[in-house]
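Remarks on the structure that follows.
The values are calculated or read from the model by the stated rules, or taken from the named source; none is laboratory data. Treat the numbers as computed from the prediction; the structure is a model and nothing was measured. Neighbour counts are summed over all protein chains in view; Cβ atoms, including those assigned to glycine, are modelled from backbone coordinates with ideal geometry.
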Amino acid sequence: MRLFRRRVSPTREEIKRAIPFRNPNVEQEGASLSLPLSERSGFFGWLAKRAGAANKIEIELDQIGLFVWEQIDGKRSVAGIADALAKEYKLNKHEAEASLLEFIDRLRQRGCVSLKRK
């Protein structure tokens with residue numbers, strides 16, 4: 001009997017094809033995102049509640065992070081957002097993709113977005 005199931009992280013190619021969706025419980029105020037702690041799941045969410053941590057997770061976005069957040073509309077794939085990012089900030093496609101994949105994965109790990117695989 002296994003007590004813990006190992007989560008398999010999606011591959012880079014799967015993330016590029018996926019469509020990100022915002023968590024409807026994320027509140028945005030300017031360039032700041034907040035997510036109620038009750039939305040955190042798993043061991044670390046439980047541990048944070050028990051330790052009396054703040055009841056919200058706060059994430060401060062820079063200009064590029066805010067641009068990406070605004071592109072997450074549930075229609076565009078991550079690759080499509082990477083194209084828009086490269087065009088807006090005059091980056092080459094590889095730079096935009098690499099940075100975006102890491103950013104999307106961090107938002108996913110924090111519970112701010114989910115990915116729907118095609």
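Some notes on this structure:
- Qualifying residue in region 68-76 (condition: small (Gly, Ala, Ser) and surrounded by 13 or more Cβ atoms within 10 Å (Cβ to Cβ)): no
- Matching strands (runs of 3 or more DSSP E) fully within region 12-105 where at least 1 residues are under 23 Å from residue 118 (Cα atoms) and modelled with pLDDT of 95 or more: 19-22
- Selected residue (criterion: nearest to the chain's Cα centre (by Cα)) from residues of region 81-118 that are of a type in the set (Lys, Arg) and more than 24 Å from residue 34 (Cβ to Cβ): 117
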